[in-house]
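The structure appears below as structure tokens.
Here, each number is a calculation from the coordinates, and none is a lab measurement. Everything numeric here is computed off the predicted structure, so don't read it as measured data. Here the Cβ positions follow ideal geometry from the backbone for every residue, glycine too, while neighbour counts run over all protein chains shown.
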Amino acid sequence: MYKSCDWFSGITRQVNALFANKEPWQVASITAVSLMTTIWIWEQINHDETISSRTKKKFFKLIRMVPAIQRKIDDEIAKVSDSMEKTVRERTAHLEYFTTLPLLGLSNDELLEHIDKYLSLGEYKWKEGRVSGAVYNFNDELCELVSNVYKKTAYTNPLHADIFPGINKMEAEVVRMCAVMFNGDDETVGTMTTGGTESLIMACKAYRDYGREINGIHRPNIVMPRTAHVGFDKAAQYFNIHVNYVDIDPVTTKVNIKRMSKAINKNTVMLIGSAPNFPYGTMDDIQAIAALGLKHNIPVHVDACLGGFLIPFMKRAGYPLPPFDFRVKGVTSISADPHKYGFTPKGCSIVLYSHKKYRHHQYTMTTDWPGGVYGSPTVNGSRAGGSIAACWATMLHFGIDGYVEATKRVIDTTRYIERYLRQIKGIYIFGTPATSVIAIGSRDFDILRLSDALCSIGWNLNTLQFPSGIHICVTMMHTMDGMADQFIKDVTAAVAELMKNPEKPIEGKMALYGQAQTLSDRSLVAEITRCFIDSMYFTPAAIKNTK
């Protein structure tokens, strides 16, 4: 005790000596500056984003303040924007644009004629299975079913539960059926949403608010693999949540659990695993992630949006998987999309929680509005009752046997394609696909050249970055007779041609995509992306329609 007092006395003597010849205003100023500097350093050290990342962003921001550099960037962006708009103009040049309401309404026959013309604009024959994902099933019987159901329910709205209680019953039944699919218990709850992205947004909102109310976390972050769906990043932008990205194992393409453990801190409100992930179709070690959640008392979300209507049926189809659902202690929520392998129309998704205490934080409540007390379970207020009814009808139409049969066909086809692709010299497969996605890379040539070559003969695949790759998401469309063999044949021929001159650089639109990966200033990539989105809304404003 005496030693402690001596130590403290020594410190105070040194401080007093330091300020002995200072004026009172100097003492106050030095104290204030020292305190603010200490706080600033503490905030920099404890900032969620790394110092190097912030420094890099600040550097590029300062560089762009140089007028000559900014003018050059603006000129290049303008060229890209004009190019994208030109593509849309050329694609639709033969069609009339409606830019004002017609004086007289169009007849049903006229409207249907226009719809047929608009639907013919696409370059890819998706009904023949030449696209990756996008459309997961299509046949006349299913189309007639959902059309009839939607026709009956098109103007219903679950927001008005007293007017459309039957729609609310359908939604509740869809949620319960999905809870059983994922081995939930009587306490498992959930909601329907309009798509996988909204489901992810809702989970992030729920856990942000749960962390704030229960654990007093006001600077929340989520910890997730770099391969986790971009919908989580969108949620983070909306809700001011920081994302701690975790690198994946370069061989397995699964999240590195040790690095995930190190990324967790006192402000972490949510851990994420994919079953499977979108880029490579591999499944993270959900049991290990759930164990981290239990250890740190953090909720764990399993994103099964892509494979959610495959993985519950894979064991019955002869393809068992490691545990991934509510059977795993520590898993507190799951998202799944019926509008993918559940074969319901867009947009339908489900977000499930192990307990209503989590779902309650997903809700938004307004109690003092002059219009009355308002509560909403998801982002939307009014929702399309027709989508809920079509989802409900489709799930009951297929049943367990129907989904098991579909799962077997999809996974059989995926394994078949994967087996033959692995035999093609010049390409390789990322990791081991868990469900229906096969990602392809190359160490011999720019893999985007393969994407371009396949595109030229009618195939539309998904492009990947960091590293470059492409993938095919196998759907029921690819299980049609001869489609898998045609894809293998076309890839084989394209790779053989590319291997004749593997060093040749990529050209055309894929060159732009490849160059985008090399840009250190990612804000430039964001600007290019804005141009692309802008082009989707192109209309020739000068044209006026007065029919």
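Quick look at the numbers
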item	result
Highest to lowest packing among 529-535, 445-451, scored as the average C-beta count within 10 Å	445-451, 529-535
Nearest-0.05 FRET efficiency for residue 135 and residue 173, computed from C-beta distance (R0 22 Å)	0.30
Residue-span extension gain [residue 117 to residue 327] - 0.36 nm each, minus C-alpha spacing	70.7 nm
Rounded to 10°, Cα long-axis angle of helix 286-296 versus longest principal axis of the chain	30
Charge tally in the Cβ shell below 9 Å around residue 254, where Lys, Arg are +1 and Asp, Glu are -1, residue 254 excluded	-3
CD proxy at 222 nm, helix term only [per DSSP H run n ≥ 4: -39500 (n - 2.57); per residue of the chain; nearest 500]	-16000 deg cm²/dmol
Between 0 and 90°, nearest 10: helix 24-45 axis offset from the chain longest Cα axis	30
Net +/- balance of residues flanking residue 275 in space, Cβ distance below 15 Å, scoring K and R +1, D and E -1	-1
Zero-based 5 Å bins, Cα pair distances in the stretch 219-318, whole percents	3, 14, 24, 24, 19, 11, 4, 1, 0, 0
Antiparallel %, DSSP beta bridges [both residues in the chain], to 5	55
Positive-end extreme of charge dipole, the chain - chosen from 170, 228, 148 (charges on Cβ)	228
Angle in degrees between helix 196-215 and the longest Cα principal axis of the chain, rounded to the nearest 10	20
Approximate spin-label separation residue 422-residue 37, in nm, with each point projected 7 Å along Cα-to-Cβ	6.1
Within straight-line cross-link reach of residue 117, lysines at Cα separation under 18 Å, skipping those fewer than 8 residues along the same chain	125, 127
Positive-end residue of 306, 238, 348, charge dipole of the stretch 187-362 with Cβ unit charges	238
Fraction of the pair-distance distribution of the stretch 95-226 above 25 Å, Cα-Cα pairs, percent	58
Correct choice for Rg/Rh (Cα atoms, Kirkwood Rh) that was computed from the model, options (i) 1.06; (ii) 0.98; (iii) 1.03	(iii)
Additional length obtainable on full extension of the chain from residue 108 to residue 219, 0.36 nm per residue less Cα span	34.5 nm
Environment charge at residue 445 (Cβ cut-off 14 Å; Lys +1, Arg +1, Asp -1, Glu -1)	-1
Unit charges on C-beta of K, R, D, E only; dipole of the chain, Debye	1580
